[in-house]
1. So is T157 of a type in the set (S, T, Y) and either modelled with pLDDT under 95 or crowded, with 16+ Cβ neighbours inside 10 Å (or both) or not?
2. Going residue by residue through segment 214-233, is there one that turns out to be part of a strand (DSSP E or B), surrounded by fewer than 22 Cβ atoms within 10 Å (Cβ to Cβ) and among the small types (G, A, S)?
3. Against the definition (at pLDDT below 95 and of a type outside the set (S, T, N, Q)), how does D147 come out, yes or no?
4. For the structure I just gave you, tell me whether T171 is among the hydroxyl-bearing types (S, T, Y) and touching an Asp or Glu at 6+ places or on another chain (Cβ under 6 Å).
5. Can you tell me which residue in segment 160-209 is surrounded by the fewest Cβ atoms within 10 Å (Cβ to Cβ), limited to those that are in contact with a strand residue (DSSP E or B) (Cβ under 9 Å, 6 or more places away or on another chain) and on the phi > 0 side of the Ramachandran plot?
6. Would segment 71-79 turn up any residue that is over 18 Å from the mean Cα position of the chain (by Cα), more than 22 Å from Q136 (Cβ to Cβ) and free of Cβ contacts under 8 Å to residues at least 40 places away in the same chain?
Amino acid sequence: MHSIVRLSALWAAAFLSLTAAQSYTSCDPTEKTTCAEDEGTTSSDITYDFTQSSDLSKWTTTAGTVTASESGAEFTITEEGDAPTIETDYYIFFGEVSIVMQGAPGTGIVSSAILESDDLDEIDWEILGAYSAKLQTDYYGQGDSGDYDRWTWVDATDPLSEFHTYKWVWTETELTWSIDGTVVRTVTYDEAVHDGESRYPQTPMRVRLGIWAGGSSSSSGTVEWAGGATDYSDGPFTMYVKSVSIVNYNPAEYYNYTDESGSMDSIEIIGGTGTSGDDSSTGYFLSSTAPASVAAASGTLWRSHPSLGTLTTTTPTFAVGGASFMSFAAILMVMILL
């Protein structure tokens, strides 16, 4: 019993440290009303070939140096403190992300692929360099680390020596992780609850890729979680990412948090056009112009509603069931239904 309690305490400490190491936000919209809008992308389907430096340069490097090679983007740790990381300069709001990746071998080394929002919703793949036949999946809602039952180990074939395609499909109602086309984990919106509050990731997120040394942490729990202390004389340690494909179900110029709830229903889609992967959405509302803090955005407005189907406008005029209505009438109808 004592060993179980001790192990639980170590894992708790590890995840607290882990969350601090990987998660950050410059402005949390659940705590401030002055956060800038999230920049989106009006492209619904984007693919990056990281064997080409021109594609790698489209991402923002937030730490260290990442280079393109024939094997893809190289994220290398050579000494303590190295943690090369890149991220998209735009957010997506539900969608699919496929990453062709090979983790770095090495005790304590963590190769990560992350989706994260400004209010610290988070979805992870984590390949630990001490384990050659399994890896870890995680998720968080609004940075809540109050329990530690959201991570799972999943079997994987040689994740440290072979490339695999790691994919998320993230909708309003369900989140799946898959490896090479096989689903290895599913979490539904209704399952993701802690202390009566939804902890389902549901706000616009950026894609972040990086490598770090959990085996150099000052937390003994993190070192144990990462498989042991990192010996840098065994390095360098390199993670490779060959390509990334992103499908954004709600393309837009901006996403705006309209309150501090951190719920999908509070997200305003500005200058958007798209088709949802899940027509059961009862959330987002639309705007043809950006808030005062950003330039005016024009474009098609979109919303999925279970009673109306897809609503679109370019004038703006909504098309519903083959009939056209001027925007005021359509907006009034939506307000009534809501």
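1. Numbers: of a type in the set (S, T, Y): yes; either modelled with pLDDT under 95 or crowded, with 16+ Cβ neighbours inside 10 Å (or both): no.
No, not satisfied.
2. no
3. Values: at pLDDT below 95: yes; of a type outside the set (S, T, N, Q): yes.
So D147 fits the description; yes.
4. On the way: among the hydroxyl-bearing types (S, T, Y): yes; touching an Asp or Glu at 6+ places or on another chain (Cβ under 6 Å): yes.
Yes, satisfied.
5. Looking at the filtered set, the residue picked out is G181.
6. Kept after step one, since they are over 18 Å from the mean Cα position of the chain (by Cα), are these residues of segment 71-79: 71-79.
Right, trim to more than 22 Å from Q136 (Cβ to Cβ) and you get 71, 74, 78-79.
Next cut, free of Cβ contacts under 8 Å to residues at least 40 places away in the same chain only: none.
Looking through segment 71-79, none of the residues is over 18 Å from the mean Cα position of the chain (by Cα), more than 22 Å from Q136 (Cβ to Cβ) and free of Cβ contacts under 8 Å to residues at least 40 places away in the same chain.
Conditions tested, residue by residue: (1) basic (K, R); (2) in contact with a His (Cβ under 7 Å, 6 or more places away or on another chain); (3) part of a loop (DSSP other than H, G, I, E, B).
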residue	(1), (2), (3)
V169	no, no, no
S178	no, no, no
V184	no, no, no
D190	no, no, yes
V207	no, no, no
K242	yes, no, no
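Per-residue answers, yes or no, for (1) at pLDDT below 95; (2) among the charged types (D, E, K, R); (3) more than 23 Å from P204 (Cβ to Cβ); (4) surrounded by 20 or more Cβ atoms within 10 Å (Cβ to Cβ):
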| position | (1), (2), (3), (4) |
| --- | --- |
| I4 | yes, no, yes, no |
| A21 | yes, no, no, no |
| T51 | no, no, yes, no |
| V66 | no, no, yes, yes |
| S69 | no, no, yes, no |
| E79 | no, yes, yes, no |
| D82 | no, yes, yes, yes |
| G95 | no, no, no, yes |
| V100 | no, no, yes, no |
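The values are calculated or read from the model by the stated rules, or taken from the named source; none is laboratory data. No experiment lies behind these values; they were computed from the predicted model shown. Heads up, the Cβs are rebuilt from the backbone with ideal geometry, glycines too, and the neighbour counts pull from every protein chain shown.
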